[in-house]
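The values are calculated or read from the model by the stated rules, or taken from the named source; none is laboratory data. Computed from a predicted structure; not experimentally measured. Positions of Cβ are backbone-derived with ideal geometry, glycine not excepted, and every protein chain shown enters the neighbour counts. Heavy atoms of the whole protein, side chains included, go into the accessibility calculation; ligands, DNA and RNA do not. Shrake-Rupley method; radii C 1.70, N 1.55, O 1.52, S 1.80 Å.
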Amino acid sequence: MKKLLAFSSCLSLLVSASAMADMRISGYGSIIAGKTLGTVDDPLNPGQTRDEILTADFYDVGQYDNDITFNAESILAVQAVVDLNEKFSVTAQLVAKGVDDFEPEFDWYYVTYQASDQLTLMAGRRNIPMYYFSEFSEVGYAYPWMRPPANLYWWQVTQFNGVHAMYNFELGDYSNTLTFFYGNEYSDDNVEMLYYDKLYGGNARTVNEFWTDITGMNWNISGDNFDLRFVYFQNDRDRETIQQDGSIDPYTPFSQTFIGLGGSINLSQFTVLFDANFVDYDDDLGTEFPTYLVSVVYNWDDIQPYVSYSKADHERTKVPTEDLEEHYMLSFGVRYDFMPKAAFKVQYDKFVDQGDVPNGWAYHGDSRTISMGVDFVF
């Protein structure tokens, strides 16, 4: 309750400030409940069983088990845009998540300079534009599903401090946007990496994840019935696993390359959504992560039934091994826009862990999950 009061106080301050400045206030939220439906053999503890667990949010480790919860994915956010003049504006976004006990946090804050009708420059903190839905992945109202598939949107770093340059232009009958970006992210007390440390029996005090020299580009092209987005970036990665006595585990830094193509295609009453990505580590193992998503949505007035399939794999080219981490998720659901700015959703997820059990790569475990809730914007 204290966290919600703190969020309300921050929101009141923003609204009060908007009355005294040229400020625009908007926001979004999701109130979602869910649970898994059974038990599985514990892959990390042979001979034991445990609740099915679905990690719906890898970055914040928002999880469902057999006990119904509202905390795994519920979120409240408000965004304020202050227009300093015709060309300069400042944006700040305050977010409170159930998985963090609704502790309010400014997760976006950046300045925008409209250099011309075609060129926009931004500097500050934003999401890394790695996936098709990255820049609005937490805005549930913006897509048909309960969430983008967690086994695709699963990285321990999703935001960074940096600069963007966006250039809009027409090419024939198609609208284009080229975005170049650069930045760094020093993720101290990384929740996801600390979770994995403890999952495998570790007792680290904290884990710090560093993604530096994040350098990349997006190319977005759209026409009458399609929207496509190509992304490429690379960066250096390092990590500090700090034990209780203050010692730091040895770790060999490496660089990674991320390539992706995602988009949407409208075919009469059907919409096809897809996202395919390939991550390549420049490490001693030649680690690769190919992942993809395909989803079909039927548009029937205010109702959108849908099905989606996402697949993730873990491969090594320098030390060939097939039995590593691998899993897929099959989801069925329906969205109902019962108000102009609010939608009710219900979704069933079947997660199948195909990782190698003897070597500990099946740590997710199979799960069946039902979730439902309301997404809204204002």
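Of all residues in segment 16-39, those satisfying the criterion of being open to solvent by less than 40 Å² (accessible area, probe 1.4 Å) and modelled with pLDDT under 95 are ALA17, SER18, MET23. Can you pull out every residue in segment 146-160 that is open to solvent by less than 10 Å² (accessible area, probe 1.4 Å) and of a type in the set (A, V, I, L, M, F, W, C)? If the condition is that a residue be open to solvent by less than 10 Å² (accessible area, probe 1.4 Å) and of a type in the set (A, V, I, L, M, F, W, C), then MET146, ALA150, LEU152, VAL157, PHE160 are the ones that fit.
Residues that are among the charged types (D, E, K, R) and more than 18 Å from the chain's Cα centre (by Cα) do occur in segment 200-214, at least one of them.
Residues in segment 193-213 that are outside any helix (DSSP H, G or I), at pLDDT below 95 and basic (Lys, Arg): there are none.
Give me the residue from segment 258-271 that is open to solvent by 40 Å² or more (accessible area, probe 1.4 Å) and either modelled with pLDDT under 95 or assigned to a strand (DSSP E or B) (or both) and, out of that set, nearest to ASP227 (Cα to Cα). This residue is ILE265.
On inspection, SER175 passes the criterion of being touching a residue at least 40 places away in the same chain (Cβ under 8 Å) and either touching a Gly at 6+ places or on another chain (Cβ under 9 Å) or surrounded by 15 or more Cβ atoms within 10 Å (Cβ to Cβ) (or both). The one condition from (1) buried (at least 17 other Cβ atoms within 10 Å of the Cβ); (2) not in a strand (DSSP E or B); (3) not hydroxyl-bearing (Ser, Thr, Tyr) that ASP323 does not meet is (1). Taken over segment 272-295, the criterion of being open to solvent by 30 Å² or more (accessible area, probe 1.4 Å) and part of a strand (DSSP E or B) is satisfied by VAL272, PHE274, ALA276, PHE278, ASP280, GLU288, PRO290, TYR292, VAL294. Restricting attention to segment 356-378 and to residues that are among the aromatic types (Phe, Trp, Tyr) and either modelled with pLDDT of 95 or more or closer than 23 Å to ALA343 by Cα (or both), the residue that is least open to solvent (accessible area, probe 1.4 Å) turns out to be PHE376. For segment 222-235, the set of residues classified as over 30 Å from ASP282 (Cα atoms) and either open to solvent by less than 40 Å² (accessible area, probe 1.4 Å) or among the charged types (D, E, K, R) (or both) consists of SER222, GLY223, ASP224, ASP227, listed by residue number.
Anything in segment 161-172 that is loosely packed, with under 14 Cβ neighbours inside 10 Å and either part of a strand (DSSP E or B) or in contact with a Phe, Trp or Tyr (Cβ under 6 Å, 6 or more places away or on another chain) (or both)? List them, or say none. If the condition is that a residue be loosely packed, with under 14 Cβ neighbours inside 10 Å and either part of a strand (DSSP E or B) or in contact with a Phe, Trp or Tyr (Cβ under 6 Å, 6 or more places away or on another chain) (or both), then PHE169, GLU170, LEU171 are the ones that fit. Of all residue pairs spaced 6 or more apart or on separate chains, those with beta-carbon atoms under 7 Å, a first member in segment 312-334 that is more than 30 Å from VAL297 (Cα to Cα) and a second member that is β-branched (Val, Ile, Thr) and assigned to a strand (DSSP E or B) are ARG316/THR287. Taking the criterion of being within 14 Å of VAL207 (Cβ to Cβ), outside any strand (DSSP E or B) and polar (S, T, N, Q), the residues of segment 233-257 that qualify are GLN243, GLN244, SER247. Filtering segment 192-212 to residues that are in contact (Cβ under 8 Å) with a residue 12 or more places away in the chain, open to solvent by less than 70 Å² (accessible area, probe 1.4 Å) and not aromatic (Phe, Trp, Tyr) leaves GLU192, MET193, LEU194, ASP197, LEU199, GLY202, ALA204, THR206, VAL207, ASN208, GLU209, THR212.
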